[in-house]
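The values are calculated or read from the model by the stated rules, or taken from the named source; none is laboratory data. Note that this is a predicted model, so its numbers are computed, not measured. Cβ placement follows ideal geometry from the backbone for every residue including glycine, while neighbour counts extend to all protein chains displayed.
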Amino acid sequence: MREITESKLPGIGKKYDLECSSGESLSIVVHNSGTREIHHFDPENREGPKAVTTLTDAEARKVGAILSGAYFKPRVIQDVELAVEGLLIEWIELRPESRLAGKTIGELQIRQRTGVTIVAIVRAGRPIINPRPDETLRAGDTLVVIGDEEGFARFRRFASES
Amino acid sequence: MPETFLEVGIAFAGIALASLVAAQLRFPSIPLLIVAGILLGPAVMSAVDELRLMQVFAGFGIVLILFFLGLEFSVGDLLSGARRKVLNGLLDFAINFSLGLAVGLLLLDLSPLGALFVAGIVYISSSGLIARLIFELQRAARVETGLILSILVFEDLVIAGYLAVLSSVSGGTEEAASFLQPALALGIVAATIGTARFISRGAQRLLERIVSDELFVVAIFAALVLVAGLAEMVHISSAIGALLLGLILAETGHVERIEQRLRPVHDIFAGVFFLHFGLTIRLENIQAVLAAAAVAAIISILGKTATGLLAGRIAGLSFPASLTAGLTLIPRGEFSIVLAALAVSAGLSPLIGSFTAVYILILAVAGSLLARESLRIAAWVESLRRPKGNTTSG
């Protein structure tokens with residue numbers, strides 16, 4: 001993947017250009033007002049976008065979460081991001097029907113079976129950092145889980161097995 | 001006294017109405033505010049004029065417009081890609097300023113000083129209107145937008161210096177002063193831009209301590225009016241004082257907060273300023289300048305189009321993109337009015353005021369239209385330049 005370039009549009013906002021491996025390219029414009037625009041360019045015509053989508057600040061945040069790359073970051077963080085490539089951190093909420101609820105971490109053998117690690121549990125707004133194996137998971141807990149992509153795939157399968 | 005509120009109320013109702021019509025028509029509000037001023041006219045506003053209340057409000061308007069000009073200015077923006085920016089900017093200046101000078105001297109038959117004002121009025125595109133057009137037309141990521149914005153950044157820098165020079169020339173009276181004053185004013189503006197980063201540190205620390213939003217807006221406004229007053233005292237005009245304060249605060253990292261808190265104040269007083277500008281215009285003067293303004297508008301359209309084509313060529317843009325850039329640069333607005341108001345208040349020909357009113361009205365309509373249709377126009381011209389296929393039919 002090529003670098004995303006950032007440029008300033010004085011009086012308007014900032015522009016982030018991404019050339020996709022498909023040959024198409026995207027420009028994301030963050031207006032000073034908070035409005036975002038996604039401009040989609042064809043390989044044949046680099047001068048003007050083929051399509052433009054306008055998002056409000058709130059919509060843009062949601063879409064960003066879905067795309068989950070969330071590349072709207074200040075430049076300072078770029079170095080850190082390289083260092084953690086391949087590492088994912090996800091926040092997973094346990095629903096009442098989840099089979100994990102009511103069992104301890106040790107009992108479930110999550111790390112051994114899936115490869116991901118629960119590094120914290122947020123329960124009733126308070127974090128339990130580095131929970132012990134005898135900690136019982138409860139419905140409504142938010143698990144802060146760290147791992148790689150395959151690990152998460154295994155974890156999702158494991159959690160949905162019955 | 002009992003009718004003061006009523007008349008000010010009518011004036012503000014005029015502002016609100018003009019803004020409403022502008023929003024409904026998706027048309028820039030500045031020309032409509034001026035039209036509202038002209039229509040309200042001296043008949044309704046005579047008593048207010050006696051009190052000079054609207055004049056004071058309009059003065060706040062100029063001060064706030066210039067303050068925001070300074071605030072939105074960033075030395076960093078200016079220096080990034082400086083060489084090309086300067087080249088494009090100088091090209092734009094050379095073409096349109098000299099056209100403006102010709103309009104002032106030959107078309108309007110003004111004094112050299114009057115012509116200098118008109119040159120500025122014709123030269124300066126409206127960065128506000130153009131930024132809005134770019135947003136509305138979703139052009140922000142287009143290839144020529146960078147060129148357009150770099151020209152506008154350069155223009156805003158030039159107009160800051162130019163306003164300083166002209167306001168000191170027209171404020172100061174006779175010979176000896178008239179050479180020293182502008183040099184001094186320009187020097188002060190340049191020095192402020194150069195040292196803003198250092199001067200701003202004190203302001204930064206001060207602003208950080210202000211937690212209360214109410215105190216923040218009051219403190220900034222007080223500083224603004226005080227600095228404007230002090231600047232007037234040393235004969236560099238209140239507007240330039242406001243500009244300098246804006247330039248300094250632009251470096252503090254509180255720009256967003258200042259803009260957010262003061263935007264409503266700006267909108268109210270800038271509205272009064274544009275309306276008041278309309279109030280000062282006599283209908284009979286308008287007839288006298290109608291033809292001249294129309295000719296000047298056509299010249300200006302050609303001037304900016306040529307600027308876009310040349311600067312685009314230099315920047316390596318295609319012909320259609322360059323043409324689009326030129327057609328987008330046409331609208332004139334706030335700074336043309338500021339210059340015209342300055343000229344009128346300096347006692348130069350009142351024709352400048354009515355000329356500018358008609359001129360920016362024409363260019364607001366023509367400019368929005370041309371910017372909207374620029375892609376289609378550019379494609380059409382391109383198809384004329386390069387007929388499809390090589391066979392000549394008929």
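Observations, loosely collected:
- Among the residues making up the range A:2-25, those that are of a type in the set (A, V, I, L, M) and either at the interface with chain B (Cβ under 10 Å from one of its Cβ atoms) or within 19 Å of B:Ile148 (Cβ to Cβ) (or both) are A:Leu9, A:Ile12.
- Residues satisfying the stated conditions in the range A:26-42, i.e. assigned to a loop (DSSP other than H, G, I, E, B) and either at the interface with chain B (Cβ under 7 Å from one of its Cβ atoms) or modelled with pLDDT of 90 or more (or both): A:Thr35
- Residue in the range B:334-353 that is within 14 Å of chain A (Cβ to nearest Cβ) and closer than 22 Å to B:Arg84 by Cβ present: no
- Some residue of the range B:172-180 being part of a helix (DSSP H, G or I), touching a Leu at 6+ places or on another chain (Cβ under 8 Å) and surrounded by 13 or more Cβ atoms within 10 Å (Cβ to Cβ): no
- Filter result for B:Gly114 (closer than 19 Å to B:Thr305 by Cα, of a type outside the set (Asp, Glu) and more than 14 Å from chain A (Cβ to nearest Cβ)): no
- Options B:Leu327, B:Leu375, B:Leu384, B:Leu342: the member that is under 16 Å from A:Gly48 (Cα atoms), of a type in the set (A, V, I, L, M) and at pLDDT below 95: B:Leu375
- The range A:100-123: number of residues that are under 24 Å from the mean Cα position of the chain (by Cα) and part of a strand (DSSP E or B): 7
- The test for being of a type outside the set (A, V, I, L, M) and facing chain A (nearest Cβ under 10 Å) holds for B:Phe135.
- Test set (1) part of a helix (DSSP H, G or I); (2) closer than 26 Å to B:Ser19 by Cα - B:Ala288 fails condition number: (2)
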